[in-house]
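Okay, so here's the structure we're looking at.
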Amino acid sequence: MSFVCAISNEVPETPVVSPLSGAVFEKRLIEKYMQENGNKDPVNGEPLELEQLIEVKTPAFIKAKPPTHTSIPGILKSLQDEWDAVMLFSFTLKQQLQTARQELSHALYQHDAACRVIARLTKEVTAAREALATLKPQQAVAPQPQVATVEPTHVTMEVVGISPDIHMKLQDTAAVLTQERKRKSKSVPPNLASSDDIKDYKVVASHTGLHSASSPGIMCLDIHNDLLVTGGNDKTVSVFNRNTEQIVASFKGHSKKVMNVICHPVEQLVISGSVDSTARVWHIPTSQCIQTIRAHESTITGLSLHATCDYLLLSSMDQYWSFVDLRTGAIHAKVLGDEEHALTSAKFHPDGLIFATGTLAADVKIWDLKDQQNVATFTGHGRAVTAIAFSENGYYLATAAEDCSVKLWDLRKLKNFKTIQMDDGFNITDVAFDYSGSYLALAGNDIRVYGCKTWNEVAIFNDHTAVATGVRFGPDANWIASTSMDRSLKLYSKCHEATQPSWLHHDGNPIFQLIFTLTTPELSQEAKEMTLWKSGHLEHAAILSKEEDATVPKLLCQLDHHNVIQARASVGGDDRVIIVWKLVSRFSGNVSTTAQNSAFGKPIWSNGNLLACFGAILASASVDNTVIVWDAQKFPQIVTTLKEHNSLVKGVTWDPVGKYLASQSDDKTLKIWRVSDWELEQSVQDPFVECGGTTHVLRLDWSPDGSYLVSAHAMNGGGPTAQIVERTEWKTDKDFVGHRKAVVCVKFNNNILQSDNSRMQHCCVALGSVTVPCLFVMMACSWDGSVAVAQFSWKEIGKPLSPEEKANFYHKQYGKSAVSENCDIIQNLEVFLAKSNVIPSSGAIENSGITPERVVEVIPQPERVVKGPIDKQIETRTADGRRRITPKFLLPPTDGEQAVPTKR
């Protein structure tokens, strides 16, 4: 006998009895019923509590086997299901085990790298301590560096006072400078830049590598001739040579960010002031700190060099200013500048007898250095003073404050005669006069230059992407330098001051890619040297004497049909259009400005985005997640459309052997397609799993020997790399490491190279945003709108193989070479087009979104003669008796014949 549940009418597993109705229930069912319907008995509806239910103790109930288990097939099926479940569970465990192994391997790799770094740093610290212990006993007798008698560090907080000898020295220097200034004020420097010249200034150089990217921001700037000194948020001071574009020295020693720098005008010294409350004197040739000045207890906010070049003026947030000996560090004067507010800036007058300080209370105070007394106070600013500058003629004082204004003060009348008011929110950080006193520049949200006679705005430069922190004029105002929190040092000048030819530009717009390519073999040797730019004049046209020579071809033509993303024989843009240009006449040597009257005729056909051209076929990649392969001889016929990618396709490249096409996408995959049937050969994903979609393009490239495919934007251990994919088995166990940010472009030299002292062949590759054309010229293009050219010699990268040697290499490596008429692999594109399934796409133009007026009729081409084997099959036998049949060659269909349908 068994109980039956009154709710489910089934034998309960845990039976309980209701004392009110005497009915038997399944415990979980009666509990669920009472929760949903209130505490009531399901049979009679009387109130019932869970505690009233009586649990019945019964023997364990064994359910009968279901009918499906009563037959042998049913039992086998049950066993099969259990086996499948076990296998799935085992597979899941293996996946989890593999993931755990990878994570463990990665952790061990990081741990090993950390241990190596710690060991190296420990070794360096130990060596430094030993060297310090060795040098300390010798410090007293060590010879002084040959830097105009700079003495060893002398640190003292005692004020020694200004001696009569120092007073006399200051007076004599001021008298000489006053007479010289009066003489200079009667004439304007003959080479001084005019206002019109400054209006035409452009950014001719931008340098972002002076300071660390981990703590971005350049806080201050000073210049002397061609040396530029910057202090950074990264606690370092850098000395940069404008002519050589090289960092001359980098000083590290401050424990906090550097707020002020001075380049000594006579000796090879640099002075810096920091938030760490110290000022340091650095020796440029040895990159050593030769003096540490500890005159204050808080941030150094102002730093100025006296006209004698022997003394410093310092101001600090501790409300004091000090007059310090540059060479000994002795404090000759230390005076409370403001009883309630901190000092924010300080600057010597050109003759050195007076100086000015700014305060957080918006006051500007004029001090007499000899008496150490405040002789005048200028009020008028609404907020804290941020910068002070004296005009070189000694008459004017410019002050900037947080109230978005610059005030000009006449020191002869002690009054404000001009206020330059900026818009609300304009942050002014620095002001500077040029050496002649003709121009005033201010740095803030942008760089602005004003004329000192009319005080009218001369020019505005808004090239920085963050707040500008420093601005200085070069000699005769012929160039201007500025620094910013965007970590860049920018130089402004006329175009002929640029390091590249003025004709090589794109109106300041970003240049995404630059490619040099030889034109078709039918063109003359002269035409082969030319593409959109004439490469033969890259070196010679930069000479100024030839800049105005109308006989020197420069810009050959400008293709204006759309926004260019990539340019080769065809052009792809962000307007979803590919324009293919055909050369319709030879170059005449005259400069052409538009496509309509240039050597490049009207566009032959348009439609797509990023491009890769291989002979007679063209591949385009687009943000529509597809790659389209076009027949370049019969536009707009589509050979095939590859649709396996799930996100934006940002790069595509051909195998130089012609067997594969590779594409890279934001879906974190690199896919390799077979040209023979356009099926997917391999999808590479592991190196790109950690990558984000931060790059605008992904320009991958294949080595000219076909052995390696190098991709852009891969990651290894959290760092950016360029992934090397081997042609054999598509292995990805090698990569190029070195870039600090994502690699966006990979480009191989088109030649297989060979060193002079070795018979081993090799290839040359460049990573970044560059292109490596034939021979020994590398060109790099950038978002800043500029192109850089690097020249190599064959001794550096090797000699290129001749066409015959290259053909022999291909023959040895792949069987048949590209020059062979009877090709076993798809290398000869004429044979490829004969074998490929090409069909005219009647709806290609309609589906492409191109309007009829954008499609121009194809210029008729002469009939191509395609060479091939004889029109019969040839049967041969090998030495082991096996039959070998050479397939019959089929000519490509003529215009009137129906072609074989392509893969869709």
Sort out which residues of the stretch 284-297 are open to solvent by less than 20 Å² (accessible area, probe 1.4 Å) and over 16 Å from LYS256 (Cα atoms), and write them in order of number.
ILE284, GLN291, ALA295
State the number of residues belonging to the stretch 810-826 that are open to solvent by 40 Å² or more (accessible area, probe 1.4 Å) and either modelled with pLDDT of 70 or more or within 30 Å of SER206 (Cα to Cα) (or both).
4
Would a scan of the stretch 298-321 turn up a residue that is open to solvent by less than 10 Å² (accessible area, probe 1.4 Å), closer than 21 Å to ASN233 by Cα and part of a loop (DSSP other than H, G, I, E, B)?
no
Give the number of residues within the stretch 418-467 that are of a type in the set (A, V, I, L, M), within 29 Å of the chain's Cα centre (by Cα) and closer than 20 Å to ASP222 by Cα.
6
Within the stretch 238-278, residues closer than 15 Å to CYS220 by Cα, open to solvent by 30 Å² or more (accessible area, probe 1.4 Å) and not in a strand (DSSP E or B) come out as LYS256, LYS257, VAL275
Check off (1) at pLDDT 50 or above; (2) open to solvent by 90 Å² or more (accessible area, probe 1.4 Å) for GLU151 and give me the number that stays unchecked.
(1)
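Condition check ((1) in a loop (DSSP other than H, G, I, E, B); (2) closer than 26 Å to HIS464 by Cβ; (3) among the hydroxyl-bearing types (Ser, Thr, Tyr); (4) assigned by the TED database to the domain that holds ALA295) across all residues:
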residue: PRO350; (1), (2), (3), (4): yes, no, no, no
residue: PHE355; (1), (2), (3), (4): no, no, no, no
residue: ILE366; (1), (2), (3), (4): no, no, no, no
residue: ALA376; (1), (2), (3), (4): no, no, no, no
residue: ALA387; (1), (2), (3), (4): no, yes, no, no
residue: GLY394; (1), (2), (3), (4): yes, no, no, no
residue: LEU408; (1), (2), (3), (4): no, yes, no, no
Test: residue in the stretch 589-607 that is assigned to a strand (DSSP E or B), modelled with pLDDT of 90 or more and open to solvent by 10 Å² or more (accessible area, probe 1.4 Å):
no
Return the total of residues in the stretch 711-747 being under 19 Å from the mean Cα position of the chain (by Cα) and not basic (Lys, Arg).
21
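Please give the strands (runs of 3 or more DSSP E) falling wholly within the stretch 647-732 in which 2 or more residues are crowded, with 23+ Cβ neighbours inside 10 Å and assigned by the TED database to the domain that holds VAL743. Walk me through how you get there before you give the answer.
On the way: elements: 649-654, 660-665, 669-674, 680-684, 708-710, 714-716, 719-726.
The strands (runs of 3 or more DSSP E) meeting that bar are 649-654, 660-665, 669-674, 708-710, 719-726.
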What is the number of the single condition among (1) more than 25 Å from TYR450 (Cβ to Cβ); (2) touching a Cys at 6+ places or on another chain (Cβ under 9 Å) that ARG383 does not meet?
(1)
Within the stretch 33-41, is there a residue that is crowded, with 17+ Cβ neighbours inside 10 Å and in contact with a strand residue (DSSP E or B) (Cβ under 6 Å, 6 or more places away or on another chain)?
no
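Of the residues THR99, THR14, which is outside the structural domain of VAL689 (by the TED database), within 30 Å of ASP686 (Cβ to Cβ) and β-branched (Val, Ile, Thr)? Spell out the reasoning first.
Values: THR14 fails: within 30 Å of ASP686 (Cβ to Cβ).
Result of the check over THR99, THR14: THR99.
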Can you tell me which of (1) farther than 30 Å from ILE290 by Cα; (2) assigned to a strand (DSSP E or B) is the one VAL324 doesn't meet?
(1)
For residues in the stretch 615-630 being buried (at least 21 other Cβ atoms within 10 Å of the Cβ) and over 26 Å from the mean Cα position of the chain (by Cα), which is modelled with the lowest pLDDT?
ILE617
Which numbered condition PHE348 misses (of (1) within 13 Å of ILE388 (Cα to Cα); (2) touching a Lys or Arg at 6+ places or on another chain (Cβ under 9 Å)):
(2)
Can you work out which of the residues in the stretch 750-761 that are modelled with pLDDT of 70 or more and farther than 24 Å from CYS781 by Cβ is surrounded by the most Cβ atoms within 10 Å (Cβ to Cβ)?
ILE752
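The values are calculated or read from the model by the stated rules, or taken from the named source; none is laboratory data. Note that this is a predicted model, so its numbers are computed, not measured. As a convention, Cβ positions derive from the backbone with ideal geometry for all residues, glycine included, and neighbour counts pool all protein chains shown. The protein model used for the area step is the full one, side chains on, heavy atoms only, and it has no ligands, DNA or RNA in it. Shrake-Rupley method; radii C 1.70, N 1.55, O 1.52, S 1.80 Å.
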